[in-house]
Amino acid sequence: MQLILGIDTSCDDTGVGVVALHPDGRAEVRANRIWSQTVHARYGGVMPELASREHVERIDAVMEDALSEAGIEVADLGAVAATSGPGLVGALLVGLMYGKGLSQGLDVPFYAAHHLEGHIFAAASEAQTAEFQLTPPYLALVVSGGHTHLFDVVAEGTYQLIGATRDDAAGEAFDKIARLAGLGYPGGPAIAEAAKLGNPKGVAFREPMLGQSGYDFSFSGLKTAALLAHRAGVSGPDLAASFQAVAVKHLLKVTLRAAANLGRETVVVSGGVAANSALRGAFGASELRAVFPGKGLNTDNGAMIALAAAAAIRSGRAPSGLDDGATAYAPLANV
């Protein structure tokens, strides 16, 4: 058994996780600790410099908590992984350099992980405990505050980007509309909570990109429509419920089109927005077999990075060089 420490500091969550890679290839999450920064709430969005400073201040304590949860000592680790991109460069550098230093000090392999691949493996790991083994080909929908990407996973470690947002990410739209309606930050949980008290048909939002034959997404039009509805006096709960309903419908409809055209029966749905109960319900009721991350693995976290490293080790991928740098824009291709 090999114990892998994973670190993610790509945005505003300091995440450290521990995964045990068993001889049979099974990856087991032993610990997953996250420090979610609250300093950004007053701004309604992430302030990059503040995020970097907070990571520096918190990462030692978060790592100690993760090791304690896993019941191990730092010397027990057999590999270290950290996110190298995409993300905020200053924030990424904190975890990346911390992980490199740790791997050097312990003399163990280091793996630079792709943030989006981590999200995909966060959901893929959940299939291990289900009634089936997740094997390619399948679709992967990553929906978060910074990403709305649809991939065709044709083989393990081989990804084809078939669709993406043309403007705002889904989670970003949730944040902005929640701020507009005075519902709080982060917007995802705030919108979901307010929507429970609202009418999902209270605002007649037009579904985005109705005429397209491809697999792209768009949320900027919904933002504008929400602004006009807010100015017209629509209540916060009705605005939240109506926006959530059409956003979920848009994400599902595009994914179903891709699955039908490509002959895919399974979709992995991951990222912070994948925690939304309306989204989970809609995908769960569809004809697709939908796989979601387990508890605590939806938002950015270190365990998903360790899971990505475990997959790399299973496939025989060589460790990363210590000269690998942080990359703000890093397309997920054939990693």
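At-a-glance table
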quantity	calculated
Phi-based couplings in Hz for the range 312-322 (Karplus 6.51, -1.76, 1.60; Gly and Pro marked x)	5, 5, 4, 7, x, 5, 5, x, 7, x, 6
Charge dipole magnitude, Cβ of K and R +1, D and E -1 - the chain, Cα centre, debye nearest 20	1240
Modelled FRET efficiency - R0 35 Å, MET97 with SER315, Cβ distances, 0.05 increments	0.85
Whole-Hz couplings from phi, Karplus 6.51/-1.76/1.60, listed for the range 29-43; x for Gly and Pro	6, 9, 7, 8, 10, 9, 9, 8, 6, 9, 5, 7, 4, 5, 9
Antiparallel %, DSSP beta bridges [both residues in the range 134-291], to 5	60
Highest average packing first - 9-15, 285-291, 83-89, Cβ atoms within 10 Å	9-15, 83-89, 285-291
Folded to 0 to 90 degrees: helix 170-180 orientation relative to the chain principal axis, Cα	60
Histogram of C-alpha separations across the chain, 10 Å bin width, %	6, 27, 33, 23, 9, 1, 0
Over the range 1-45: Kirkwood hydrodynamic radius from C-alpha pairwise inverse distances, Å	12.1
VAL291 long-range amide H proximity, modeled H, under 5 Å	VAL267, VAL268, VAL269
Cα centre as origin, Lys/Arg/Asp/Glu Cβ charges: the range 134-291 dipole, Debye	380
The range 134-291 shape via C-alpha gyration tensor axes, a/c threshold 1.5	prolate
Under 5 Å, built H, 5+ apart or other chain: amide partners of TYR111	VAL80, ALA81, ALA82, SER320
The range 1-142: C-alpha gyration tensor shape, a/c 1.5 cut-off, then a/b vs b/c	oblate
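Values in this text are rule-based calculations from the coordinates and carry no lab data. Values in this document were obtained by computation on a predicted structure and should not be read as measured data. Counting neighbours? That spans all protein chains shown, and the Cβs are built from the backbone with ideal geometry, glycine included.
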